[in-house]
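Input: a single structure, listed below in structure tokens.
The values are calculated or read from the model by the stated rules, or taken from the named source; none is laboratory data. Since this is a predicted model, take the numbers as computed values, not measurements. Virtual Cβ from ideal backbone geometry, glycine too; neighbours counted across all protein chains shown.
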Amino acid sequence: MPWKTKANVAEFEKVQPASAVALRPAAQTLCRIAAGLGCATLVTLAAVPSAARAQLRVDTQPIHRLGGDAMLWNGVIALDAHDSLLVVLTESDPVLHQFSLSRGDHIRSWGEAGEGPGEFRSSADVVLVGGQVYALDTTQRRVSVFDLTGRLQLTTPVTGLGLPYANRLEHASGDTMVIRAYAPMGDANALVAWTVEGVAGTVLSFDDPPEELRLEAPGAPGLTLRPPFSPYPRWTVVSGQLVYWPAHGEELQIVGLDGTQTTSIVLPIEDRFEITAGDREWWFRTGIPTEFRGRRPFEPLRRVARQTVDFPPHQPLVLELLGAPNGAVWVKRQTSLSDESRGQVWDVVDREGGFVDRITLPVGHLLMAVLAEHVVIRTTTELGSDVVQVHRLLPAN
């Protein structure tokens with residue numbers, strides 16, 4: 001079927017650059033993050049004080065801004081970038097949107113809702129590799145591969161993963177992809193190297209942390225939850241290898257796509273981030289459901305939880321892992337759920353475990369990509385629509 005191009009779906013709003021903050025060279029990375037949303041419109045990136053001379057600075061004002069209330073994107077799921085192109089995957093029709101980072105304009109959009117070739121019933125993840133765009137549709141259990149004009153090149157069903165469902169496209173290179181598979185009614189997960197010919201090999205597998213916290217109260221249904229701030233396995237792909245944290249210890253495992261562990265990284269992390277009273281209050285509000293079928297049956301459980309639930313003293317050592325093209329690993333160490341002044345903390349380490357940099361982000365800014373010349377983040381407007389902002393990376397001098 002012919003592909004629809006919507007030339008006026010979106011355009012960048014050009015903004016004059018303003019002040020900047022300094023970063024060291026490790027900020028030249030590409031990464032995708034799943035995290036919370038917020039309403040701020042400016043980004044601030046800051047590094048911890050160091051005797052090393054900063055070599056990069058990031059404009060605090062965006063040079064391009066796309067999406068927002070004018071477009072009413074109801075969800076930016078993922079994005080990826082290559083050279084001077086940016087591809088954004090959304091829940092809105094059309095699904096895929098291509099932009100020029102160098103010129104700051106919208107090029108084309110494609111991918112309608114439906115079940116035909118190149119159409120989507122759900123949008124889950126996207127990877128841009130050279131001149132090809134890989135997009136995962138979890139509902140139809142398939143990956144569609146497009147060229148940069150939006151022309152469908154290949155549709156391949158995602159089957160034979162060993163587990164029934166796939167929800168993330170972690171990596172793509174040629175005809176091989178790394179896909180996360182899971183069992184929705186169990187706790188089994190796997191990262192699978194899968195080819196378009198349907199040949200699958202498990203890179204690693206892990207179980208969800210157990211739900212060990214049981215809450216009961218008179219007049220309320222019982223509820224079983226994971227203990228608050230439980231560590232969860234984290235992973236990312238760096239230089240064609242999987243970097244994996246098993247939810248315990250200070251060691252990151254480096255695993256080849258054949259499932260063989262090649263080496264490991266010991267994290268040079270000495271400080272830990274405390275769980276504050278505000279963080280505990282956030283968990284009481286969000287960790288226990290509020291409504292069920294228009295009623296509030298869990299309020300007695302919330303009262304019991306305030307009296308009985310114990311919290312760990314610190315946040316998990318690793319909250320997220322992100323890979324960088326230069327081989328560095330970004331480790332999300334802390335995210336404040338209640339205090340606007342604390343924000344997020346990311347430590348950057350090299351493949352030998354050496355500490356490279358510490359970067360802080362304000363609450364409400366989701367870092368989605370750090371490229372050679374740009375930083376790409378996502379925020380959310382007061383009306384609830386997503387905005388993707390592009391900020392310059394410049395030499396410090």
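What to note about this one:
- When 261, 241 are checked against the criterion of being within 21 Å of the chain's Cα centre (by Cα) and without any contact (Cβ under 8 Å) to a residue 24 or more places away in the chain, 241 stands alone in meeting it.
- Residue 137 falls short on exactly one of the conditions (1) farther than 19 Å from residue 236 by Cα; (2) acidic (Asp, Glu); (3) modelled with pLDDT under 90, and that condition is (3).
- Some residue of region 156-164 being under 21 Å from the mean Cα position of the chain (by Cα) and closer than 27 Å to residue 325 by Cα: no
- Segments classed as strands (runs of 3 or more DSSP E), wholly inside region 216-271, with at least 3 members that are closer than 30 Å to residue 284 by Cβ and of a type outside the set (D, E, K, R): 223-225
- Per-region count, region 72-115, residues of a type in the set (Val, Ile, Thr) and at pLDDT below 85: 2
- Boolean, residue 108 is farther than 23 Å from residue 255 by Cα, part of a loop (DSSP other than H, G, I, E, B) and more than 18 Å from the chain's Cα centre (by Cα): no
- Residue match in region 192-203 (condition: over 17 Å from residue 257 (Cβ atoms), at pLDDT 90 or above, under 23 Å from the mean Cα position of the chain (by Cα) and surrounded by fewer than 17 Cβ atoms within 10 Å (Cβ to Cβ)): no
- Any chance residue 331 is closer than 26 Å to residue 206 by Cβ and either among the hydrophobic types (A, V, I, L, M, F, W, C) or without any contact (Cβ under 8 Å) to a residue 24 or more places away in the chain (or both): yes
- Candidates 130, 111, 162, filtered to the one that is in contact with a Pro (Cβ under 6 Å, 6 or more places away or on another chain) and in contact (Cβ under 8 Å) with a residue 12 or more places away in the chain: 111
- Pairs meeting the criteria (first residue in region 68-96 and charged (D, E, K, R), second residue part of a strand (DSSP E or B) and at pLDDT 85 or above, beta carbons under 8 Å, at least 6 apart or on different chains) are 80/86; 80/87; 80/126; 80/127; 80/128; 93/113.
- Odd one out for residue 298 among (1) crowded, with 17+ Cβ neighbours inside 10 Å; (2) in contact with an Asp or Glu (Cβ under 9 Å, 6 or more places away or on another chain); (3) closer than 30 Å to residue 356 by Cα: (3)
- Odd one out for residue 305 among (1) assigned to a loop (DSSP other than H, G, I, E, B); (2) surrounded by 15 or more Cβ atoms within 10 Å (Cβ to Cβ); (3) touching a helix residue (DSSP H, G or I) at 6+ places or on another chain (Cβ under 9 Å): (1)
- Selection from region 347-371 of residues that are in contact with a strand residue (DSSP E or B) (Cβ under 7 Å, 6 or more places away or on another chain), of a type outside the set (D, E, K, R) and assigned to a loop (DSSP other than H, G, I, E, B): 353, 364, 365, 371
- Considered as a group, the residues in region 156-191 that are surrounded by fewer than 16 Cβ atoms within 10 Å (Cβ to Cβ) and of a type in the set (Ser, Thr, Tyr) include one that is modelled with the highest pLDDT, and that residue is 165.
- None of 280, 285 is surrounded by fewer than 13 Cβ atoms within 10 Å (Cβ to Cβ) and either in a strand (DSSP E or B) or out of contact with any His (no Cβ under 8 Å at 6 or more places or on another chain) (or both) except 285.
- The residue that is nearest to the chain's Cα centre (by Cα), among those in region 207-238 that are buried (at least 17 other Cβ atoms within 10 Å of the Cβ) and among the β-branched types (Val, Ile, Thr), is 236.
- Inside region 310-346, residues that are part of a loop (DSSP other than H, G, I, E, B), at pLDDT 80 or above and touching a strand residue (DSSP E or B) at 6+ places or on another chain (Cβ under 7 Å) make up a count of 6.
- Residue pairs whose Cβ atoms lie under 8 Å apart, sitting 6 or more positions apart in sequence or on different chains, and linking a residue in region 363-390 that is under 18 Å from residue 344 (Cβ atoms) to a partner that is surrounded by 21 or more Cβ atoms within 10 Å (Cβ to Cβ) and of a type in the set (Asp, Glu), are 369/80; 378/386; 379/386; 380/386.
- Selected residue [touching a residue at least 12 places away in the same chain (Cβ under 8 Å), surrounded by fewer than 23 Cβ atoms within 10 Å (Cβ to Cβ) and more than 19 Å from residue 241 (Cβ to Cβ)] from 124, 135: 124
- Checklist (1) crowded, with 16+ Cβ neighbours inside 10 Å; (2) in a strand (DSSP E or B) applied to residue 153, failing item: (1)
- If you go through region 112-139 and keep only what is farther than 20 Å from residue 370 by Cα, in a loop (DSSP other than H, G, I, E, B) and within 22 Å of the chain's Cα centre (by Cα), you end up with 121, 122, 123, 124, 138, 139.
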